[in-house]
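Okay, so here's the structure we're looking at.
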Amino acid sequence: MRRKPSNDAGTSRRGFLAGAAGIAGATATMASAPNASAAAAPAEAFYGQHQAGIITPAQRHVYLAAFDLTAGKRDEVAALMRAWTAAAARLTAGQGLAGDDDPQNPAHDTGEVLGLGPARLTITFGFGPGLFIKDGQDRYGLASRRPDALIDLPRFNGDQLVAERTGGDLAVQACADDAQVAFHAVRQLARLADGVAQLRWAQPGFVAGYAPGQTTRNLMGFKDGTMNPKTTDPKLMDQFVWVGDEGGWMRGGSYMVARPIRIALEHWDRMKLGFQEQTMGRHKVSGAAIGKKAEFDPIDLDATDSDGNPVLPENSHVRLGAPALNGGAQILRRSYSYDNGLSFVAERWPPWRQGMEFDAGLLFVCFQRDPRTGFVKIFENMSKFDMMNQFTTHIGGGLFACPPGAPPEGYVGQSLFEA
């Protein structure tokens, strides 16, 4: 017997709006009662002053996705954020999406994480410039509320941005200690967005399972994030990460820059260890800056060798990124490695080989109070002079305004849509 095709909430905008209200109501009554398997696993709080997934200790996996809005009305976008917030609260608690399943219709949850628990899942939402104005159109009456800090990122030296991997009106960062849990979260949110938003690009990533407090290593074999401001210091977070009173509805939020960066691993792997260390400005094993012994020893920009040359090379990655050379600017790096298999590549530097090489690199993610005084300030010089540029290529990404967190009775972005 052939089943009758369903025409549920996911197939129309009218149904979506009704479904959003249903999910929000179910979450309000059920979010505090995780199932038995979830209760035994670690969970990160979803509701709060700030969104989770920003200063949260990095999980082992990420699935970062950007969406293009197809909705015609502002109320539909607000309804999506209500539905996404309610769904995220359940997912981060280790619960599936709520609802009474009918065998004649698609299930409310795809079910591939049953029994896995929350795995420290966090879901962070961001708004791209296209939410406010796109192709010269103020689609949702929000153009006047676009934050000054939500700029169109400048084109940097060496950028080879692929349109299909760049931009987006909305962003979702799902991080978890289980890759399937992170992917499942984005998958459910994409289903809820049917008819309102569609996926534009996505990138999964991973980090090794280092002990808490240890700096992870990227695919180049070097420690990544040593100069991060301490997330345990509220004053530093207020100074460099959280938006202050100047941000209006963004107060308590943060700006996320996400950039997939392809690394020419085959080229890098042919380099002598000494050259690699000079390029980075750090010793590979210890992570210490050249001339120092321990990873967190302060770098010395003025130290010279017996010939009067800087101990820390002038165009090394660490030196060019140092706060002292960037007007005190700092960002909070929260990056992951990625591996997309193989692709045909023409190398940018000698010997300019062409052929199948690893499509792998760094999903660079950073958060800051203002990208103009954070990422842009730091990367303008690095994009021109950093020795590492001969091995790396920025191929996509975007800038997203991540609003403050939501209270249990509210939703992420409410301060924007209902002000």
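Observations on the structure shown:
- Within the option set R200, R187, being part of a helix (DSSP H, G or I) and open to solvent by 10 Å² or more (accessible area, probe 1.4 Å) holds for one residue only, R187.
- R372 being open to solvent by 20 Å² or more (accessible area, probe 1.4 Å) and either in contact with a strand residue (DSSP E or B) (Cβ under 9 Å, 6 or more places away or on another chain) or modelled with pLDDT of 95 or more (or both): yes
- Restricting attention to region 52-79, the residues being closer than 14 Å to F132 by Cα, open to solvent by less than 60 Å² (accessible area, probe 1.4 Å) and touching a Phe, Trp or Tyr at 6+ places or on another chain (Cβ under 7 Å) number 2.
- Of all residues in region 231-249, those satisfying the criterion of being assigned to a helix (DSSP H, G or I) and of a type outside the set (D, E) are P234, K235, L236, M237, Q239, F240, G247, G248, W249.
- The residue of region 325-334 that is farthest from Q368 (Cα to Cα), among those that are of a type outside the set (A, V, I, L, M, F, W, C) and open to solvent by less than 20 Å² (accessible area, probe 1.4 Å), is N326.
- Some residue of region 400-413 being in contact with a strand residue (DSSP E or B) (Cβ under 9 Å, 6 or more places away or on another chain), more than 24 Å from D238 (Cα to Cα) and crowded, with 18+ Cβ neighbours inside 10 Å: no
- Residues (in a helix (DSSP H, G or I), of a type outside the set (G, A, S) and in contact with a helix residue (DSSP H, G or I) (Cβ under 8 Å, 6 or more places away or on another chain)) located in region 305-323: H317, V318, R319, L320
- Of residues in region 290-324 being touching a Pro at 6+ places or on another chain (Cβ under 8 Å) and open to solvent by less than 40 Å² (accessible area, probe 1.4 Å), the one nearest to E380 (Cα to Cα): R319
- Qualifying residue in region 250-273 (condition: open to solvent by less than 70 Å² (accessible area, probe 1.4 Å), closer than 16 Å to Y336 by Cα, at pLDDT 95 or above and in a loop (DSSP other than H, G, I, E, B)): no
The values are calculated or read from the model by the stated rules, or taken from the named source; none is laboratory data. The model shown is predicted, which means the values in this text are computed figures rather than measured ones. Every residue, glycine as well, gets a Cβ built from its backbone with ideal geometry; the counts of neighbours run over all protein chains shown. Accessible surface is based on the protein model in full, side chains and every heavy atom, while ligands, DNA and RNA are left aside. Shrake-Rupley method; radii C 1.70, N 1.55, O 1.52, S 1.80 Å.
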